[in-house]
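Chemist: Before I ask anything, let me first share the structure, which is written out below as structure tokens.
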Amino acid sequence: MIDSGIQISVVIPLFNEEESLPELSAWIERVMLANNFSYEILFIDDGSKDQSWAVISELSRKNPCIRGFKFVRNYGKTAALQTGFQAVKGQVVITMDADLQDSPDEIPDLYRMITEERYDLVSGWKKKRFDPITKTIPTKIFNAATRSISGVSLHDFNCGLKAYRKEVVQNITIYGEMHRYIPVIAKWNGFGKIGEKVVQHQARKYGYTKFGLERFIFGFLDLLSIAFVNKFGRRPMHLFGSLGTLMFFFGSIIAMWLIFTKIYKIYVSHEPFRNVTENPMFFLALLAITVGSQLFLAGFIGELFVKQSISKTGDYLIAEQAGETNEI
């Protein structure tokens, strides 16, 4: 890969932020010039209804370091970040929100932590927030749950101000609302050196927040999805096969016990008995056997899909390679 010579790429997803864009871009430019950084700014317009795109177009005309991408409709922050990640040229990638609540003055320290301290990813921590309690309390609960499930010890997963090595963002894929879990996805893909930095959080200057409380519900569901795919995405038989075998086994044991009990009462104890099909336990056993068989087949079919989807290289990330290789 040819080195572009760009040190920092700043990726900024946005939706209806026309007032803040000129001030934000000027602020970033001042920081870059003061530190003699080569840089680019990527504004990803997520289907704004205001004049955001016109502002971006004008900014890019005045500054060749600014690039813009406009979606035909609102796809969400995750889609905007993924688009930016695919287009970056810088060796260090900084993400931040467009509402001026993230401070560009943090960029030099974030860059240093990536380049000198060799972190794969550094996440901002808004220790002191200027948000209402209806937002801060759910955020604390959300972060605690994410730490518990993922094993990644960060205080603020949802902070938009983060820094990455270029290799990280170009080797992960995010979708849905999974931008909150990029540190989790990065760790599970082998980028385990993850740091955290306390960053300044500023009160919103223009407009209003574009996110509601529903994001925490959807975010938690996304976390469960990520955890499931990471653990069983390449070995679905381990989950479905195990559950299916267990249910089939218990269902079979119950059915055999009912049959044995009836035979014993008929030929040994000569006690009154009733038909097996009249016992509610029989239908429980039948249900367990049926569901167990279906789960096992689901795991088997899942294994076939996984086998077909994996490329010739195994679709795994290779850190280094030595010696001569021959292309087939």
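Chemist: I'd like the full set of residues that are at pLDDT 80 or above, more than 16 Å from residue 198 (Cα to Cα) and in a helix (DSSP H, G or I), limited to segment 97-140.
Modeler: 115
Chemist: Can you tell me how many residues in segment 47-86 are in a helix (DSSP H, G or I), aliphatic (A, V, I, L, M) and open to solvent by 20 Å² or more (accessible area, probe 1.4 Å)?
Modeler: Residues flagged as in a helix (DSSP H, G or I), aliphatic (A, V, I, L, M) and open to solvent by 20 Å² or more (accessible area, probe 1.4 Å) within segment 47-86 amount to 4.
Chemist: Might you check whether a residue that is over 19 Å from residue 127 (Cα atoms) and of a type in the set (Gly, Ala, Ser) occurs anywhere in segment 156-164? Talk me through it step by step, then tell me what you get.
Modeler: Taking segment 156-164 first, the residues over 19 Å from residue 127 (Cα atoms) are 164.
From what is left, the residues that are of a type in the set (Gly, Ala, Ser) are none.
Among the residues of segment 156-164, not one is over 19 Å from residue 127 (Cα atoms) and of a type in the set (Gly, Ala, Ser), which makes the answer no.
Chemist: When you look at residue 263, is it among the β-branched types (Val, Ile, Thr) and either in contact with a His (Cβ under 6 Å, 6 or more places away or on another chain) or modelled with pLDDT under 90 (or both), yes or no?
Modeler: In short, yes.
Each row is one residue, and each column tells you yes or no for (1) open to solvent by less than 10 Å² (accessible area, probe 1.4 Å); (2) more than 18 Å from residue 27 (Cα to Cα).
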{"site": "95", "(1), (2)": "yes, no"}
{"site": "99", "(1), (2)": "no, no"}
{"site": "102", "(1), (2)": "yes, no"}
{"site": "105", "(1), (2)": "no, no"}
{"site": "111", "(1), (2)": "no, no"}
{"site": "120", "(1), (2)": "no, yes"}
{"site": "124", "(1), (2)": "yes, yes"}
{"site": "127", "(1), (2)": "no, yes"}
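Chemist: Is it the case that residue 116 is of a type outside the set (Ser, Thr, Tyr) and either in contact with a His (Cβ under 6 Å, 6 or more places away or on another chain) or under 17 Å from residue 29 (Cβ atoms) (or both)?
Modeler: no
Chemist: Against the definition (aliphatic (A, V, I, L, M), open to solvent by 70 Å² or more (accessible area, probe 1.4 Å), modelled with pLDDT of 90 or more and under 35 Å from the mean Cα position of the chain (by Cα)), how does residue 246 come out, yes or no?
Modeler: yes
Chemist: Additional query: Quick one: in segment 261-279, of everything that is among the polar types (S, T, N, Q) and open to solvent by 60 Å² or more (accessible area, probe 1.4 Å), which residue is nearest to residue 251 (Cα to Cα)?
Modeler: Once the filter is applied, the top-ranked residue is 277.
Chemist: Oh, and also: So, in segment 32-55, exactly how many residues are under 28 Å from residue 181 (Cα atoms) and β-branched (Val, Ile, Thr)?
Modeler: Within segment 32-55, residues that are under 28 Å from residue 181 (Cα atoms) and β-branched (Val, Ile, Thr) number 2.
Chemist: Still on this structure, please answer the following. Within segment 31-46, can you find the residues that are touching a residue at least 40 places away in the same chain (Cβ under 8 Å) and in a helix (DSSP H, G or I)?
Modeler: 31, 32
Chemist: Which residues, taken from segment 190-206, are within 17 Å of residue 114 (Cβ to Cβ) and either in contact with a Leu (Cβ under 9 Å, 6 or more places away or on another chain) or at pLDDT below 85 (or both)? Break it down into steps so the answer makes sense when it comes.
Modeler: Applying the first criterion (within 17 Å of residue 114 (Cβ to Cβ)) to segment 190-206 yields 190-199.
Across segment 190-206, the qualifying residues are 190, 191, 193, 194, 195, 196, 197, 199.
Chemist: Mind listing just one residue for me: the one in segment 162-174 that is in a loop (DSSP other than H, G, I, E, B) and out of contact with any Ser or Thr (no Cβ under 7 Å at 6 or more places or on another chain) and, of those, most open to solvent (accessible area, probe 1.4 Å)?
Modeler: By that ranking, first place goes to 173.
Chemist: What are the residues in segment 5-22 that are in contact (Cβ under 8 Å) with a residue 60 or more places away in the chain, open to solvent by 30 Å² or more (accessible area, probe 1.4 Å) and under 17 Å from residue 57 (Cβ atoms), if any?
Modeler: If the condition is that a residue be in contact (Cβ under 8 Å) with a residue 60 or more places away in the chain, open to solvent by 30 Å² or more (accessible area, probe 1.4 Å) and under 17 Å from residue 57 (Cβ atoms), then 15, 16, 19 are the ones that fit.
The values are calculated or read from the model by the stated rules, or taken from the named source; none is laboratory data. Note that the structure is predicted; figures quoted are calculated from it, not measured. Because the Cβ atoms are built from the backbone with ideal geometry, glycine has one as well, and the counts that use them run over all protein chains shown. Each accessible area value is taken on the protein alone, full model and side chains, heavy atoms only, with ligands, DNA and RNA left out. Shrake-Rupley method; radii C 1.70, N 1.55, O 1.52, S 1.80 Å.
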